[in-house]
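To start, the structure itself, in structure tokens.
Bear in mind these aren't lab numbers, they're just calculated from the coordinates by the rules spelled out. Every value quoted in this text rests on a predicted model; they were computed, and no experiment measured them. We place every Cβ from the backbone using ideal geometry, glycine too, and count neighbours over all the protein chains shown.
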Amino acid sequence: MSSPAREPHAVPCPVCASAPMQTASHLHGFPLLHCRSCGHDMLFTEGADLSLLYDTHYAGFREDPVFQRRVREVLATQIAPLLPERARVLDIGCGNGEFLLAAQEQGHKVLGVDFSQAAADACARRGVPARAVNVLTHDFAGDAPFDLITLWDVCEHLDHPFELLARARSLLAPGGLLVLKVPCFPPRAIRIATTVPRLAGGLLGSPSHIQYFRPETLTTLLRRAGFPLIQAEPLPPMRSDRPRKSPVALAKRRLLRTLTRLSGASNTLVRARLEHRTG
């Protein structure tokens, strides 16, 4: 039986665990909560069914030649040099398996997990092992520990990202590497979205995105989850835009790109490593 949804005024900060957060505004009919301790912002959607946001049209499930190329570049230049040969790789929220396929091509032993059976089936069609399971409770005996765990555009969708990061830490080998890609939003991006709520979907990705991290709040969250060695850096866009044919749609896209640039919103790649055990 699932636990009842919490009230907004009783929600502790998912980053620093301070409680309670404050309702700062509303977006899409949901309370936008702000932590006065660490500055984190989140959209409180507990109890709402947002599953239709993750159908087969969701970006993580569709093939994208730009992402195919970019994920291989990031793997080759920023991840693979930090891995042993034939590393054991777990991709959480694996989507259609693009990253797993790239890692498998390099000779690594890969496994994907996703809440969606459609994602696991998509991976299987590409010859990539994947399971539709709850990563928090799944028994990884025989597979763990992993040398690398990746979360590509996952944490921003979660009510409780700390639980997933703590679970990832428990599945990593000593010296293991955790890699996250997340969008980050400075305070002025939040201000723009709350001042003009009709821009919130395009600018923040809400209500699919519910956690609005900044590099410093990501660092706080990861250290709380047990990762002492953290490096975060901006990442250029990794996915292509969907085609837009009408002049109005193209004008909206250009406006959104301008606002995104002015707001300071950007992708961030985070690498967090466990220390090697000594003695």
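Quick notes
- Projecting the Cα atoms of Thr258, Gly93, Ala17 onto the charge dipole of the chain (Cβ charges, centred on the Cα centre) puts Thr258 farthest toward the positive pole.
- For the chain, size of Cβ-based charge dipole, Lys and Arg +1, Asp and Glu -1, in debye: 980 debye
- Dipole of the stretch 101-144, positive end: most advanced residue of Phe140, Ser116, Val128 [Cβ charges, Cα centre]: Val128
- Spin-label model distance (nm) - Ser246 vs Asp121, 7 Å beyond Cα toward Cβ: 3.2 nm
- Length available on full extension from Arg69 to Ala19: 0.36 nm per residue minus the Cα-Cα distance, which gives 13.8 nm.
- For Gly176, the residues whose modelled amide H falls within less than 5 Å of its own, excluding neighbours fewer than 5 places apart on the same chain, are Leu274.
- Rounded to 5, percent antiparallel among DSSP beta bridges of the chain: 55 percent
- Unpaired by the 4.7 Å Cβ criterion, cysteines found in the chain: Cys94, Cys123, Cys155, Cys184
- Across Thr194, Thr137, Thr219, mean-square fluctuation computed from a Gaussian network of the chain (C-alpha pairs under 10 Å connected) peaks at Thr137.
- Comparing Leu229, Gly205, Val248 along the charge dipole axis of the stretch 167-253, the residue lying farthest to the positive side is Val248, per the Cβ-charge model.
- Computed over neighbours whose Cβ is under 13 Å from that of Leu43, the net charge equals -4, Lys and Arg +1, Asp and Glu -1.
- Helix-derived mean residue ellipticity, 222 nm - over the chain, DSSP H n ≥ 4, -39500 (n - 2.57), to 500: -8500 deg cm²/dmol
- Shape category assigned to the stretch 105-251 from the gyration tensor of Cα positions, a/c cut at 1.5: oblate
- Nearest-0.05 FRET efficiency for Glu85 and Glu275, computed from C-beta distance (R0 25 Å): 0.70
- Highest average packing first - 176-189, 105-118, Cβ atoms within 10 Å: 176-189, 105-118
- The chain, relative contact order [Cα under 8 Å, separation at least 6], %: 18 percent
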